[in-house]
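Let me begin by presenting the structure, written as structure tokens, before commenting on it.
Please treat every number below as a calculation from the coordinates, not as lab data. These numbers come from a predicted model, not from an experiment. Positions of Cβ are backbone-derived with ideal geometry, glycine not excepted, and every protein chain shown enters the neighbour counts.
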């Protein structure tokens with residue numbers, strides 16, 4: 001640990017004698033859990049605003065008291081205890097944020113379920129994971145909750161009323177636990193093939209990447225965070241936990257809407273903006289964005305490929321404040337590209353490995369592009385410090401920067417040539433009139449498989465499919481050229497992933 005990080009941790013009370021004492025005290029009372037983290041933050045920042053959501057505000061003292069009371073409600077009214085399994089199907093809001101430390105305090109296994117999944121997938125996951133209690137947002141009941149669920153259910157709104165009506169002087173003692181239970185996110189939402197990535201619900205899971213964020217992004221210097229990402233997204237979850245550890249104000253939203261987001265950023269004077277690239281693109285397309293975003297001092301992009309035009313827009317209006325993060329749900333966050341890395345390379349880099357991570361490229365082709373393997377100490381359970389294939393194709397330059405080429409399982413053969421749709425998207429998105437694109441394979445009687453593309457244009461653009469094809473002619477090979485380009489809006493999931501219109 002270098003001297004700069006040591007100084008930052010001391011200012012955050014994490015390694016001072018008093019801080020170590022209060023951490024140990026928190027662990028003895030609440031186990032090694034997210035509730036212990038919240039207790040620690042409530043001690044040092046009791047009157048500082050912790051959460052802002054839909055007009056409600058909670059200080060750190062109020063948040064800890066509410067989460068602790070919620071744990072008592074769940075323990076007494078639902079008989080939750082260590083080892084049981086709870087499915088959490090909710091968007092980012094006050095109750096969702098309170099449930100994480102409350103469930104952690106009870107030592108239960110928590111499955112963070114994607115609110116965009118199909119009803120049949122939800123039913124399968126509940127049966128497979130033997131979930132004892134499903135907690136969900138009431139607006140999801142008619143579209144997502146089956147009538148024959150094999151578990152108990154409760155709505156977040158009803159739980160909120162139970163918490164509000166519970167006697168705050170209740171002196172019920174929660175059972176002692178040594179550590180919080182497992183916390184799982186599910187990957188593969190866009191494909192519908194969900195894979196679980198479980199971790200221990202402990203602050204120690206977040207410390208190594210936390211050190212990297214302190215060193216590279218200096219996130220300790222900022223006071224407020226706007227979090228448009230859902231907590232069931234690994235990026236969103238890590239942002240929430242790390243922000244609470246540092247005593248920051250976190251602004252939550254149920255749904256991302258560019259105009260509403262800009263209003264919150266302006267009113268709350270948000271300094272840190274963690275987003276996926278699709279969200280950043282929508283923000284810069286909204287009216288008066290430069291004025292409404294003037295408080296932003298750090299933009300953290302992750303979860304998808306970042307296009308050069310949005311880096312340029314950010315630099316032009318906010319300065320060199322944008323960072324590109326890369327990781328997977330299984331391995332966690334393990335690369336970061338600084339503003340200097342992004343400006344020095346013509347192609348957008350996904351960065352360099354952070355301290356404590358080992359990366360290597362296997363089965364590289366003649367151009368040096370191959371499969372990315374990573375070894376991380378904060379990977380999911382059973383994969384810590386083990387080499388794992390990320391499924392991503394990358395290239396590394398002589399300076400050690402990595403560049404994303406696509407997914408190994410997305411490669412298609414068009415006319416006898418290997419083609420990567422993500423790389424074609426990158427080229428298409430380089431056109432100044434393109435907001436976003438989605439490239440996908442389709443069957444073709446002559447070539448076997450060809451590529452088609454959906455393209456969304458910026459406002460007031462008159463670009464036509466033929467005009468775009470003409471621009472692409474010198475930039476793509478014959479096999480990469482989309483046979484059909486349709487100009488239409490591209491929809492995204494709540495995590496910012498693009499979804500195809502069929």
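Taking Cα centroids, how far is region 275-289 from region 449-463 in Å? Region 275-289 and region 449-463 have Cα centres spaced 18 Å from each other. Output the 0 to 90 degree angle, nearest 10, between the alpha-carbon long axis of helix 94-106 and the longest principal axis computed from the alpha carbons of the chain. Tilt of helix 94-106: around 60 degrees. One chain, two ends: residue 355 and residue 118. Fully extended at 0.36 nm per residue, the span grows by 81.5 nm beyond their Cα-Cα distance. So how far, in whole Å, is the C-alpha centre of region 99-128 from the one of region 312-388? Computed from Cα coordinates, the inter-centre distance equals 29 Å.
Ranked by the mean number of other Cβ atoms within 10 Å per residue, highest first, peptides 155-163, 434-442, 457-465 order as 434-442, 155-163, 457-465. Can you tell me the FRET efficiency between residue 161 and residue 367 if r is taken as the Cβ-Cβ distance and R0 is 60 Å, rounded to the nearest 0.05? Rounded to the nearest 0.05, the efficiency is 0.50. Among 366, 92, the ranking by other beta carbons within 10 Å of each residue's beta carbon, starting with the fewest, stands as 366, 92. Computed from the C-beta positions of residue 81 and residue 447, the FRET efficiency with R₀ = 60 Å rounds to 0.50. Taking the number of Cβ atoms within 10 Å of each Cβ as an exposure proxy, the fewest-first ranking of 414, 151 is 151, 414. Multiplying the residue separation of residue 263 and residue 409 by 0.36 nm and removing their Cα-Cα distance gives an extension gain of 48.6 nm. Principal axis extents of the Cα atoms in region 3-201, from largest to smallest and rounded to whole angstrom, are 53, 42, 34.
The shape of region 259-399 comes out prolate: with a ≥ b ≥ c from the C-alpha gyration tensor, a/c is at least 1.5 and a/b beats b/c. To the nearest ten degrees, helix 119-129 and the longest principal axis of the Cα atoms of the chain are 50 degrees apart. Cα centroids of region 37-55 and region 470-502: 43 Å apart. Helix 234-245 and the longest principal axis of the C-alpha atoms of the chain enclose an angle of approximately 40°.
Label positions at residue 20 and residue 223, each projected 7 Å from the Cα along the C-beta direction, are separated by 3.1 nm. Across region 358-465, Cα-Cα pairs farther apart than 19 Å form 59% of the total.
Scaled against the 2.2 N^0.38 Å expected of a compact globular protein of N residues, the Cα radius of gyration of region 411-499 reads 1.06. Per-peptide packing, taken as the mean over residues of other Cβ atoms within 10 Å, places 66-76, 16-26, 230-240 in the sequence 230-240, 66-76, 16-26 from highest down. Each label was represented as a point 7 Å from its Cα along the Cα-to-Cβ direction; for residue 48 and residue 418 these points are 4.9 nm apart. Average projection, convex hull of the Cα set of region 357-421: 5.1 square nanometres. Rg over Rh for the chain works out to 0.97, using Cα positions for both radii and the Kirkwood form for Rh.
With both residues required to sit in the chain, DSSP beta bridges show an antiparallel share near 60%.
This ranking places 147, 365 by how few other beta-carbon atoms lie within 10 Å of each, fewest first, which gives 147, 365.
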